[in-house]
Amino acid sequence: MPVTLINVFVVPKDKEDEFVKWWQDVKADITKQPGFISGKFHRSIKPGSRFNFINVAIWDNEDVYWKAYDKSVTPMKAKLEQLGVEMTPALYHVAFEY
């Protein structure tokens, strides 16, 4: 059953451009992982929003997501810490569509 990753980020204003550039590099690797279906990376249009970036990605199932996560989590956490970024990921199943 497909799962949706919703990952919210709090990025310091002065690090936003560097974060976006880095995430584009991350995307190049993530999209090659087995089980990755699609993703969208959102940037807030409201100044002062708590979560100024949100990543939404669809994976084939929870197992393939965790394999990709385990492969990339250590270098990713180091870079996020360097940038002063707070990351809060969670996996979801679609409850209903409208």
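Structure above, values below:
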| read-out | value |
| --- | --- |
| Contact order normalised by residue count of region 7-82, Cα under 8 Å, 6+ apart, percent | 33 |
| Size of charge dipole - the chain - debye, nearest 20, with Cβ of Lys, Arg +1 and Asp, Glu -1, no other charges | 240 |
| The chain: most fluctuating residue of GLY84, GLY48, GLY35 per GNM, C-alpha cutoff 10 Å | GLY48 |
| Whole-Å distance, taken between Cα centres, linking region 37-98 and region 7-31 | 10 |
| Relative pair counts by distance (%), Cα atoms of region 48-98, 5 Å bins | 4, 13, 21, 24, 18, 12, 5, 2 |
| Residue range of the chain that is longest and free of trypsin sites (Lys or Arg not before Pro) which are both DSSP loop and sparsely packed (at most 12 other C-beta within 10 Å) | 51-98 |
| Rounded FRET efficiency, nearest 0.05, which uses the C-beta distance separating GLN82 from ILE37 and R0 of 25 Å | 0.25 |
| log10 of Debye I(q)/I(0), alpha-carbon scatterers only, for region 6-70 at 0.29 Å⁻¹ | -1.29 |
| Estimated [θ] at 222 nm from DSSP helical runs (n ≥ 4, -39500 (n - 2.57)) normalised by residues in the chain, nearest 500 | -13000 deg cm²/dmol |
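Here, each number is a calculation from the coordinates, and none is a lab measurement. These numbers come from a predicted model, not from an experiment. A quick note on method: Cβ atoms are made from the backbone with ideal geometry, for glycine too, and the neighbour counts reach across all protein chains shown.
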